[in-house]
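Inspection log for the structure reproduced underneath, given as structure tokens.
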Amino acid sequence: LFSGDLAGYAMSERMTKNLITRSLFRGVAEKRPPRGLIHHSDRGSQYCAEGYRAILDQFGMVAAR
């Protein structure tokens with residue numbers, strides 16, 4: 001169920017893996033989501049990067065398909 005609640009954010013002039021990783025860590029720190037959470041994104045290259053996927057796995061999140 002989508003609540004429309006903002007979990008975390010970060011801003012920059014460029015969309016980089018570092019930017020979205022900071023946003024993810026902020027969201028996790030703020031909301032403490034349960035394992036199994038489905039992570040939705042626009043599926044850009046930053047979100048598909050192996051390192052970012054590894055972080056999702058570390059938090060027990062599943063990338064939406």
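Please treat every number below as a calculation from the coordinates, not as lab data. Since this is a predicted model, take the numbers as computed values, not measurements. Here Cβ is always computed from backbone atoms with ideal geometry, including for glycine, and neighbour counts include all displayed protein chains.
Principal axis extents of the Cα atoms in the chain, from largest to smallest and rounded to whole angstrom, are 30, 21, 18. Here the Karplus relation 6.51 cos²θ - 1.76 cosθ + 1.60, evaluated at θ = phi - 60°, turns the backbone of region 20-29 into coupling constants of 6, 5, 4, 4, 4, 4, 5, x, 5, 5 Hz, with x for every Gly and Pro.
Pulled fully out, how much extra length does the chain show between R26 and A63, if you take 0.36 nm times their separation in residues and subtract their Cα-Cα distance?
Working: separation 37, 0.36 × 37 = 13.32 nm, distance 1.75 nm.
Going from the current span to full extension adds 11.6 nm.
Approximating the spin labels as points 7 Å out from Cα along Cα→Cβ, the A54-to-N18 distance works out to 1.8 nm.
For the chain, which GluC sites (Glu not before Pro) are both in a DSSP coil and crowded by at most 15 other Cβ atoms within 10 Å? For GluC sites (Glu not before Pro) across the chain that sit outside H, G, I, E and B with at most 15 neighbouring Cβ atoms in 10 Å, the list reads E13.
For L37, the residues 5 or more places off, or on other chains, whose built amide H falls under 5 Å of its own are V62.
Evaluated with a Cβ-only charge set (Lys, Arg +1; Asp, Glu -1), the chain carries a dipole of roughly 80 debye about its Cα centre, given to the nearest 20. A cut-off under 14 angstrom between Cβ atoms defines the neighbours of Y52, and their net charge, with Lys, Arg +1 and Asp, Glu -1, is +1.
Looking only at chymotrypsin sites (Phe, Trp or Tyr not before Pro) in DSSP loops with at most 13 other Cβ atoms within 10 Å, what is the longest site-free stretch of the chain? That would be 10-65. Largest mean-square fluctuation among R14, R32, R43, in a Gaussian network model of the chain whose springs join Cα atoms under 10 Å apart, belongs to R14. Per-residue Karplus couplings for region 39-54, computed as 6.51 cos²θ - 1.76 cosθ + 1.60 with θ equal to phi - 60°, are listed in order as 8, 9, 8, 7, 6, x, 4, 5, 6, 8, 4, 4, x, 5, 4, 5 Hz, Gly and Pro entered as x.
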